[in-house]
1. Could you list all residues from segment 27-63 that are farther than 22 Å from Leu180 by Cβ, modelled with pLDDT of 95 or more and in a helix (DSSP H, G or I)?
2. If a residue counts only when it is surrounded by fewer than 16 Cβ atoms within 10 Å (Cβ to Cβ) and of a type in the set (Val, Ile, Thr), which helices (runs of 4 or more DSSP H) contained entirely in segment 137-239 have at least 1 such residues?
3. Check segment 148-163 and report whether any residue there is in contact (Cβ under 8 Å) with a residue 60 or more places away in the chain and either over 29 Å from Pro191 (Cβ atoms) or of a type in the set (A, V, I, L, M, F, W, C) (or both).
4. Among the residues of segment 102-145, count how many are touching a Pro at 6+ places or on another chain (Cβ under 7 Å), under 13 Å from Ser201 (Cβ atoms) and of a type in the set (Val, Ile, Thr).
5. Could you check, for segment 9-20, whether at least one of its residues is modelled with pLDDT under 95 and crowded, with 16+ Cβ neighbours inside 10 Å?
6. Give the residue, chosen from Leu134, Leu164, Leu184, that is at pLDDT below 95, farther than 30 Å from Lys231 by Cβ, out of contact with any Cys (no Cβ under 6 Å at 6 or more places or on another chain) and not β-branched (Val, Ile, Thr).
7. Run Ser107 past the list (1) under 19 Å from Ala14 (Cα atoms); (2) in contact with a strand residue (DSSP E or B) (Cβ under 7 Å, 6 or more places away or on another chain) and report the number of the one that doesn't hold.
8. If the Cβ limit is 6 Å and pairs must be 6+ apart or interchain, which residue in segment 176-197 that is free of Cβ contacts under 8 Å to residues at least 40 places away in the same chain pairs with which residue that is assigned to a helix (DSSP H, G or I)?
Amino acid sequence: MQETSTHTGSHALAIILSGGVGSRMGSDIPKQYLEVNGRAVIDYALHTMASDERIDGLVITVAPEWRDHVAAMTKSLSLPVTLAPAGETRQYSIYNALRAAVEAGYSDDTIVIIHDAARPFVSSRLIGDCIAALDEGYDGALPVLPVKDTIYQSPDGVTIGNLLPRQQLWAGQAPESFRLGAYLALHDNCPREQLLKINGSTEIAFNAGWRVKLIPGEESNFKVTTPDDLKRMTQFLEA
């Protein structure tokens, strides 16, 4: 059982990224809509966020062809839900979600917690730690896990160019948290070609010199990407 956060400070808006096509899953259905134990993968994270008293609303990015499906799925939730169009990249989906949040009336000071629909087992502790980091004065928060394997850098993919110090390396997870107004401004001021190259939510914040707090991640907070991940999710639920 995961540790429960005792943080009772600010509230937040959850952004759920559900625009991916799931090409590595080898399925006609995007991975976040595949059913595991009778529920779509996205449904697990949605209900965890929606049932957390510190979350005041949801913004979900979704492809047009899945908009009605997600709208029906979220109809029973007891907090405001805004659907935003998925972007051509993950970061552009985030950009769309941030703009949708502003249009929905959320203030610049709102804490936004950005999570992947394909990470079903986000915990109360992670949500609380993401909020707490912003209340402590950090510009953002990122859950990480220590890297277990030795990491080699190879410019040509054939020979070793450099051995990286494992004790200084961390693998990033989601959710990540920022203040809505400031984080949106980073996107407004970022050239399109640069924004298209960004892979992780925190990358744009790091490039801007922001102080992002690393918070302990969780092994159970894995991303469902491949058929093996689906099996792992099933085994986790059964356990």
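The values are calculated or read from the model by the stated rules, or taken from the named source; none is laboratory data. Keep in mind it's a predicted model, so treat the numbers as computed, not measured. Here the Cβ is made from the backbone with ideal geometry for all residues, glycine too, and neighbour counts use every protein chain on show.
1. Within segment 27-63, Gln32, Tyr33, Val41, Ile42, Asp43, Tyr44, His47 qualify.
2. Correct list: 227-238.
3. no
4. 2
5. Yes, that holds for at least one residue.
6. None of the others qualify; the one that does is Leu164.
7. Condition not satisfied by Ser107: (2).
8. Leu186/Ile204
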